[in-house]
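The values are calculated or read from the model by the stated rules, or taken from the named source; none is laboratory data. Here the structure is a predicted model, which is why all the values come from computation and not from measurement. Ideal geometry is used to build each Cβ from the backbone, glycine not excepted, and the neighbour counts take in all protein chains shown.
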Amino acid sequence: MEIKTRFAPSPTGLMHIGGVRTALYAYLIAKKAKGAFSLRIEDTDRERFVEGATEDIINILKWLGLQFDGEIIYQSKRLDVYKEYAQKLVSEKKAYEKDGALWFKVNLSGKTSIVDLVGTRKIEFENSTQKDFVILKSDGYPTYHLAHVVDDHLMETNPVIRGAEWISSIPKHVQLFEAFGWTVPQYAHLPIILGTDKSKLSKRHGAKAASEFRQDGFLPEAILNYMAFLGWTPPSGKEILTLTEMIEEFDLGDVNLANPVFDITKLEWMNGEYIRKLSNEELLKRLQDFLVDHPAKEKIAPAVPLIKNRIKKLSDFVPLTDFLWEKPEYDKSQFEKLKIKNQKETLQKILEKMESMEKPWQADVFEKTFRELAEELGEKAGDLFQLIRVAVSGQLVTPPLFESIQILGEEETLERVSEALHSL
């Protein structure tokens with residue numbers, strides 16, 4: 001039997017980060033078995049439909065590298081198909097019309113059970129707990145229950161991978177498959193992702209649309225790696241896995257039944273690890289793609305090696321390096337945080353030393369000169385360097401000081417120290 005999986009989001013908003021895990025697991029299962037991974041847009045809930053959401057879903061899957069096979073299936077273009085199957089059930093007295101809608105007649109005797117692929121557990125319901133339900137609304141649109149059963153059958157989806165919130169609907173879906181005389185597919189219900197306070201994942205936990213993570217400067221590889229680990233540990237025990245390695249190692253049977261916790265701090269750490277694995281050339285390319293409207297994006301190459309070990313997200317690059325391309329606005333509160341008290345006189349001496357230094361400035365000479373000046377003034381060298389840092393950048397934290405000064409150049413550095421001096 002060929003493995004065919006699908007990702008079937010509803011375009012009722014931008015693609016949530018939690019949806020990435022569902023799509024990823026479906027992709028991994030299909031690719032491991034050399035099967036097909038399809039995209040189906042479940043857009044039959046017209047009241048909750050959000051303009052642009054479908055495009056966002058497609059863009060995010062492409063950005064993540066989760067390439068789907070075949071054409072995208074849009075349920076809103078298949079209304080005739082659902083109507084035909086709903087009428088078939090009516091003609092066989094397995095459904096009936098009431099108030100302009102078609103209702104499925106639930107079998108109340110016996111039990112409905114499946115063996116879930118997650119945790120290989122038996123899930124069972126007493127049919128007597130069920131009620132008849134709508135399959136085709138009065139406006140001609142199908143409900144989720146009918147549309148996804150028909151499509152999963154016609155697309156030969158197996159296994160059906162979805163969130164654990166659908167477990168309570170198992171009796172409806174299994175009974176629909178059986179009413180049509182179709183084979184019930186295998187199901188895998190993924191545990192619900194929680195926030196750090198153990199409540200359902202939401203924006204207050206740092207979780208948001210996948211596109212917002214992209215805008216924040218997360219790398220697609222890191223997003224995939226982190227989301228894969230929400231409920232799954234690879235047999236190899238590795239913390240950093242490529243998509244190819246995930247395909248080789250992933251198995252639904254290894255997914256933990258416990259609800260995983262989404263931790264934005266852990267995701268940021270992992271993203272930083274991926275950034276450090278990139279070559280300087282690749283990181284430069286990623287940054288330039290990310291800083292699409294940044295006026296200095298063509299000049300940033302010298303700064304890339306300086307910040308590589310200091311950033312966790314691509315967006316961290318801008319606040320760390322903006323002073324290299326734009327003159328700082330001096331904020332007296334930054335100077336007030338420094339340990340050197342007589343800053344004006346000290347800056348004057350720093351400026352004089354810089355003006356007397358032979359150009360081009362050499363790193364070892366620069367350091368030696370200002371260590372000697374610190375000793376002469378009775379200050380700690382680190383405190384003196386911090387004063388120079390604020391004078392040239394306007395900020396307390398920058399990439400390595402001398403390398404930053406080399407990018408600025410001697411004239412610009414002298415000009416800035418002079419401006420800082422006049423600002424005090």
Going by what's in this entry, would Leu102 be described as within 26 Å of Ser38 (Cβ to Cβ) and at pLDDT 95 or above? no
The condition of being surrounded by fewer than 16 Cβ atoms within 10 Å (Cβ to Cβ), in the same structural domain as Thr157 (by TED's automatic domain parsing) and farther than 19 Å from Lys137 by Cβ holds, among Gly18, Gly65, only for Gly65
Considering only residues that are in a helix (DSSP H, G or I) and polar (S, T, N, Q), look in segment 326-346 and name the one that is nearest to the chain's Cα centre (by Cα). Gln334
Return the pairs, sorted by first residue and then second, in which the second residue is in a loop (DSSP other than H, G, I, E, B) and of a type in the set (S, T, N, Q), the first residue lies in segment 44-71 and is closer than 15 Å to Ala26 by Cα, the beta carbons are less than 9 Å apart, and the residues are 6+ apart or on different chains. Leu61/Gln67
How about segment 253-265: which of its residues are of a type in the set (D, E, K, R) and surrounded by 15 or more Cβ atoms within 10 Å (Cβ to Cβ)? Asp263
Taking only pairs six or more apart or across chains, which ones have beta-carbon atoms under 6 Å, a first residue in segment 77-98 that is more than 24 Å from Arg46 (Cβ to Cβ), and a second residue that is part of a helix (DSSP H, G or I) and at pLDDT 95 or above? Lys94/Ala179
So Ala420 fits all but one of (1) in a helix (DSSP H, G or I); (2) closer than 21 Å to Pro302 by Cα; what number is the exception? (2)
Would you confirm whether any residue within segment 31-38 is over 18 Å from Glu248 (Cα atoms) and in the same structural domain as Asp152 (by TED's automatic domain parsing)? yes
Residues that are part of a helix (DSSP H, G or I), closer than 19 Å to Val20 by Cβ and hydroxyl-bearing (Ser, Thr, Tyr), drawn from segment 169-211: Ser211
Members of segment 288-333 that are under 19 Å from Val392 (Cα atoms), in contact (Cβ under 8 Å) with a residue 60 or more places away in the chain and among the aliphatic types (A, V, I, L, M): Ala303, Leu306, Ile307, Leu320, Leu324
Restrict the check to segment 217-229 and report whether at least one residue is assigned to a loop (DSSP other than H, G, I, E, B), touching a strand residue (DSSP E or B) at 6+ places or on another chain (Cβ under 8 Å) and outside the structural domain of Val20 (by TED's automatic domain parsing). no
Within segment 146-168, is there a residue that is under 22 Å from Glu92 (Cα atoms), at pLDDT 95 or above and touching a Gly at 6+ places or on another chain (Cβ under 9 Å)? no
Residue check: is Val365 closer than 29 Å to Glu281 by Cβ and part of a helix (DSSP H, G or I)? no
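Per-residue answers, yes or no, for (1) crowded, with 16+ Cβ neighbours inside 10 Å; (2) within 17 Å of Val255 (Cα to Cα):
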position: Leu176; (1), (2): yes, no
position: Thr183; (1), (2): no, no
position: Ile192; (1), (2): no, yes
position: Ala209; (1), (2): yes, no
position: Pro220; (1), (2): yes, no
position: Asn225; (1), (2): yes, yes
position: Trp232; (1), (2): yes, yes
position: Glu239; (1), (2): no, yes
position: Thr242; (1), (2): no, no
Please work out if Glu212 is out of contact with any helix residue (DSSP H, G or I) (no Cβ under 9 Å at 6 or more places or on another chain) and not assigned by TED's automatic domain parsing to the domain that holds Tyr27. no
Which numbered condition in (1) touching a residue at least 40 places away in the same chain (Cβ under 8 Å); (2) touching a Phe, Trp or Tyr at 6+ places or on another chain (Cβ under 7 Å) is the only one that His16 fails? (2)
Unmet requirement for Glu336, which otherwise passes all of (1) surrounded by 14 or more Cβ atoms within 10 Å (Cβ to Cβ); (2) not assigned by TED's automatic domain parsing to the domain that holds Leu283: (1)
Name the single residue, out of those in segment 160-214 being under 20 Å from Ser113 (Cβ atoms) and among the hydroxyl-bearing types (Ser, Thr, Tyr), that is farthest from the chain's Cα centre (by Cα). Thr183
Can you name every residue in segment 105-129 that is touching a strand residue (DSSP E or B) at 6+ places or on another chain (Cβ under 9 Å), surrounded by fewer than 16 Cβ atoms within 10 Å (Cβ to Cβ) and under 25 Å from Ala36 (Cβ atoms)? Val115
